[in-house]
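The values are calculated or read from the model by the stated rules, or taken from the named source; none is laboratory data. Bear in mind the structure is a predicted one, so any value in this text is a computation, not a measurement. A quick note on method: Cβ atoms are made from the backbone with ideal geometry, for glycine too, and the neighbour counts reach across all protein chains shown.
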Amino acid sequence: MFKNLFSPGKIGTLEVKNRVVKPGQHMFTADRKGFVTPLQLKLYARWAQGGSGLIIVEMAAIDFKGSMELPMQLIVAGDEYIPGLSELARAIKENGARAALQLSHGGGCKMGQPAYAPSAMSYVNIMGTPQDAQELTIPEIEEIIEAYGQAAGRTKKAGFDMVEVHMAHGYLPAAFFSPRTNIRTDRYGGSLENRLRFPVEVLQSVRNHVGKDFPISCRISGTEYEEKGTTLVDSIKLAQALEQGGADVLSVSAGGATSHYKIFITQYFPRAYNVYLAEAIKKSGGIRIPIICNGGITTPELAEEILAAGKADYIALGRPLWADPDWPRKAQEGRSQEIRPCIRGNIACTGAAALQSGGIHCSVNPEFRFEYKETLDIVAKPRNVAIIGGGPAGLEAARVAAIKGHKVTLYEKRDVLGGNLFEDSVPQFRSEKRRLLSYFENEVKRLGVTVKHEEATTDAIVKGGFDAVISATGCKRTRPKIRGADKPFVIDFVEALQGKMKGENIVIAATDYETRCIDIALYANEQGKKATLLFPLETRKDLTEAIASGEAASVAQSIMEILPQIRNIDVQLSVKLLEITDRGVVIEKEGKKQTLSADTVVLVPEFTANDDLARALEKRRLEVHKVGDCVEPMRFFRNAIHEGHLAARQL
């Protein structure tokens, strides 16, 4: 099984045990002076233990003058950083993986000033904020090129097996190569040959400092997905120049300064979205050195398919290894069903939940970046535990409690597990959530959890002799106070995912939870129906900002790209919903009343915490832990899973 994925490979002189690569991803885990931290040592050792073949440590700044893109980023600009980096390389290698360090200069994409770039112009930094950048002089360019080389030399001294130069995503080498951001008229700008000069000279400087046999990777964007930006045709030329210049492997990503949402692919785009770029560069470009592909590759089956078809030589797994660091080991051991899947939601790792919690996390993996006092070791005195509610919070609580050796009974009143996750996984574009539900179903079965498909009552729980109860009973839904909301052709957006959208013409009153309403429109389109979305928001910018603040900027950009391409979805802004009649939906737009005909009207329900049973059990003096939506309804998906995990971990 997965013979290509787990076959050994070679990058230059470096032998790699399999084709799984952990790519560089900035995680805000260095200290504020750029030194390695204990958290980084733990994270990277854990990924190595999980079976990855090559682990690339993220974004080490090459100098002190403007290369550092974000706070808490590694620095490799001085010899004082070598001891910590040596410890990090050792933590990776001692746990069975090859170790590489990625060198980075943020250029005009860095957050804050001073920002340096090929040309003086307004850039968009990594946080999406416009800022001005200063044009580099020739002496400054030469100094930076030398700084890359010296940083590479320190990388080798620190004991890493390989060095990677970050030349993608709008960072400095990419900005020099892109015709959109390089409008210089000297030898570093203008023609393709001149725009190639900076990245090629950086590569040459790195080679001069590490020697001929030390492997070098270059990470490039196959296209920037930007108007007037680097195209695939351009990137093939770049790849050829880098191979000729001495690169040992190319990591083909995508995206530029304004299109970072094409780096960490959301659920609104197909899996393996950027793999075609790696394939084109490998085949059309005639590239002979290995190619690493990136972008929404989530399953070992998909990874194997890519390798078997010769589209790439290595598979980069970023977010999937955040979701489950044991992804490679489980796949190799024939336990793919035990892999905790990345759902490509981007809310906890790049979006609103990350901002709320104060750092990058993972919705489905509560152990990523979190430190717990309590272990998952089997307890000395197992307890009899009831979990009430089979949604994400309850399923995670049941999984963790069973791992700790407790006797676990999971109550779910419906005949299916998943809670709202069951409905959330219905649309085809949410297939990753379907995989998450399958993972939970498999885990509770594998771990011996007793599942009772019946409604838990106070008497049943009291008579059951349970030592502890985790209440994951979710929330209640009621219709909003809109005239006509009680008509038989009116449903809420949860019911829409339960197969209750009838007819061909669906009107969705998106008065709140904008992304969920858009998802219903996308689901209607999957069924061949026409959907009309009614937003009170006045402009596309308002809608984009609402989605970004509630989910993630990458989600907003993804949605706003695909919506105009779908003929069956009509987006109407600045709409006031007045009432629903037998003729349809009465709205006010631009001061005028009109009626929109509808076979089904979908409304946003009102939510309240469903904690009645928990309070009743507390009155009976039982130990009760409330998690998920029964604490506070309709929070981030991660809240449910993380709270369920913590409650069970503390038992």
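Within region 92-113, work out how many residues are part of a loop (DSSP other than H, G, I, E, B) and either in contact with a helix residue (DSSP H, G or I) (Cβ under 6 Å, 6 or more places away or on another chain) or crowded, with 24+ Cβ neighbours inside 10 Å (or both).
Looking only at that region, the number is 6.
It is to be established whether one or more residues within region 140-157 are outside any helix (DSSP H, G or I) and charged (D, E, K, R).
Looking for residues that are outside any helix (DSSP H, G or I) and charged (D, E, K, R), one finds none in region 140-157, hence no.
Out of curiosity, is S104 more than 24 Å from the chain's Cα centre (by Cα) and either more than 24 Å from E371 (Cβ to Cβ) or of a type in the set (A, V, I, L, M, F, W, C) (or both)?
no
Kindly list the number of the only condition in (1) free of Cβ contacts under 8 Å to residues at least 12 places away in the same chain; (2) in the same structural domain as A640 (by TED's automatic domain parsing); (3) of a type in the set (G, A, S) that fails for G418.
(1)
In this structure, does K330 turn out to be under 26 Å from S251 (Cβ atoms), more than 13 Å from the chain's Cα centre (by Cα) and assigned to a helix (DSSP H, G or I)?
In short, yes.
Any idea which of (1) in contact (Cβ under 8 Å) with a residue 24 or more places away in the chain; (2) closer than 25 Å to R435 by Cβ is the one D313 doesn't satisfy?
The failed condition is (2).
As an exercise: evaluate N442 against (1) surrounded by fewer than 17 Cβ atoms within 10 Å (Cβ to Cβ); (2) part of a helix (DSSP H, G or I); (3) in contact with a Phe, Trp or Tyr (Cβ under 9 Å, 6 or more places away or on another chain) and give the number of the one condition it does not meet.
All conditions pass for N442, except number (3).
Just one of the numbered conditions (1) modelled with pLDDT of 95 or more; (2) part of a loop (DSSP other than H, G, I, E, B) is not true of E632; which one?
(1)
Give the residues of region 321-366 that are crowded, with 24+ Cβ neighbours inside 10 Å, modelled with pLDDT under 95 and of a type in the set (V, I, T), sorted by residue number.
Hit for region 321-366 is I347, nothing else.
Where residues in region 36-53 are in a loop (DSSP other than H, G, I, E, B) and in contact with a Pro (Cβ under 9 Å, 6 or more places away or on another chain), which of them is surrounded by the fewest Cβ atoms within 10 Å (Cβ to Cβ)?
Looking at the filtered set, the residue picked out is G50.
Could you check how many residues of region 611-632 are under 30 Å from the mean Cα position of the chain (by Cα) and crowded, with 18+ Cβ neighbours inside 10 Å?
The total comes to 7.
Identify all residues within region 518-547 that are closer than 22 Å to L578 by Cβ and surrounded by fewer than 21 Cβ atoms within 10 Å (Cβ to Cβ); write none if there are none.
If the condition is that a residue be closer than 22 Å to L578 by Cβ and surrounded by fewer than 21 Cβ atoms within 10 Å (Cβ to Cβ), then K530, P536, L537, E538, T539, D542, A546 are the ones that fit.
For region 133-186, which positions are in contact with a Ser or Thr (Cβ under 6 Å, 6 or more places away or on another chain) and β-branched (V, I, T)?
I145, V163, I183
It is to be established whether one or more residues within region 494-502 are in contact with a strand residue (DSSP E or B) (Cβ under 6 Å, 6 or more places away or on another chain), part of a strand (DSSP E or B) and at pLDDT 95 or above.
no
What's the number of the condition L395 fails, among (1) farther than 19 Å from M634 by Cβ; (2) part of a helix (DSSP H, G or I); (3) of a type in the set (A, V, I, L, M)?
L395 satisfies all of (1) farther than 19 Å from M634 by Cβ; (2) part of a helix (DSSP H, G or I); (3) of a type in the set (A, V, I, L, M) except (1).
Kindly list the number of the only condition in (1) under 15 Å from D161 (Cβ atoms); (2) assigned to a loop (DSSP other than H, G, I, E, B) that fails for A89.
A89 satisfies all of (1) under 15 Å from D161 (Cβ atoms); (2) assigned to a loop (DSSP other than H, G, I, E, B) except (2).
Taking V426 and the conditions (1) over 30 Å from D459 (Cα atoms); (2) in contact (Cβ under 8 Å) with a residue 12 or more places away in the chain; (3) not polar (S, T, N, Q); (4) not assigned by TED's automatic domain parsing to the domain that holds F440, which numbered condition does it fall short on, given that it satisfies the others?
Looking at each condition in turn, V426 falls short on (4).
Note down all Cβ pairs under 9 Å where the first residue falls in region 517-538 and is outside the structural domain of E590 (by TED's automatic domain parsing) and touching a residue at least 40 places away in the same chain (Cβ under 8 Å), the second is surrounded by fewer than 23 Cβ atoms within 10 Å (Cβ to Cβ) and among the hydroxyl-bearing types (S, T, Y), and they're at least six residues apart or on different chains.
Partner pairs satisfying both residue conditions: none exist.
Kindly establish whether G318 is of a type outside the set (D, E, K, R), modelled with pLDDT of 95 or more, within 24 Å of T223 (Cα to Cα) and under 13 Å from the mean Cα position of the chain (by Cα).
It is true that G318 is of a type outside the set (D, E, K, R), modelled with pLDDT of 95 or more, within 24 Å of T223 (Cα to Cα) and under 13 Å from the mean Cα position of the chain (by Cα).
Could you tell me which residue of region 596-629 is nearest to D582 (Cα to Cα), considering only residues that are basic (K, R) and outside any helix (DSSP H, G or I)?
K626
G229 - would you say it is of a type in the set (G, A, S), over 19 Å from the mean Cα position of the chain (by Cα), part of a loop (DSSP other than H, G, I, E, B) and under 16 Å from R180 (Cβ atoms)?
yes
Check whether at least one residue in region 122-137 is of a type in the set (D, E) and either part of a helix (DSSP H, G or I) or more than 30 Å from A553 (Cβ to Cβ) (or both), and report yes or no.
no
Would region 468-482 turn up any residue that is over 29 Å from D612 (Cβ atoms) and in contact with a Cys (Cβ under 9 Å, 6 or more places away or on another chain)?
The answer is no, given that none of the residues of region 468-482 is over 29 Å from D612 (Cβ atoms) and in contact with a Cys (Cβ under 9 Å, 6 or more places away or on another chain).
Looking at (1) over 24 Å from G628 (Cα atoms); (2) part of a loop (DSSP other than H, G, I, E, B); (3) not small (G, A, S), which is the one condition that is false for T544?
(2) is the only condition that T544 fails.
Working only within region 447-493, note down all residues that are assigned to a loop (DSSP other than H, G, I, E, B), closer than 21 Å to T581 by Cβ and among the charged types (D, E, K, R).
R479, K481, R483, D486, K487 - these are the residues of region 447-493 that are assigned to a loop (DSSP other than H, G, I, E, B), closer than 21 Å to T581 by Cβ and among the charged types (D, E, K, R).
Looking at region 137-155, can you tell me whether even one residue there is of a type in the set (K, R), closer than 26 Å to K212 by Cα, surrounded by fewer than 22 Cβ atoms within 10 Å (Cβ to Cβ) and at pLDDT 95 or above?
No - not one qualifying residue is present in region 137-155.
Please work out if I569 is under 33 Å from the mean Cα position of the chain (by Cα), closer than 28 Å to T258 by Cβ and surrounded by 18 or more Cβ atoms within 10 Å (Cβ to Cβ).
Considered against the rule, which asks whether it is under 33 Å from the mean Cα position of the chain (by Cα), closer than 28 Å to T258 by Cβ and surrounded by 18 or more Cβ atoms within 10 Å (Cβ to Cβ), I569 comes out as yes.
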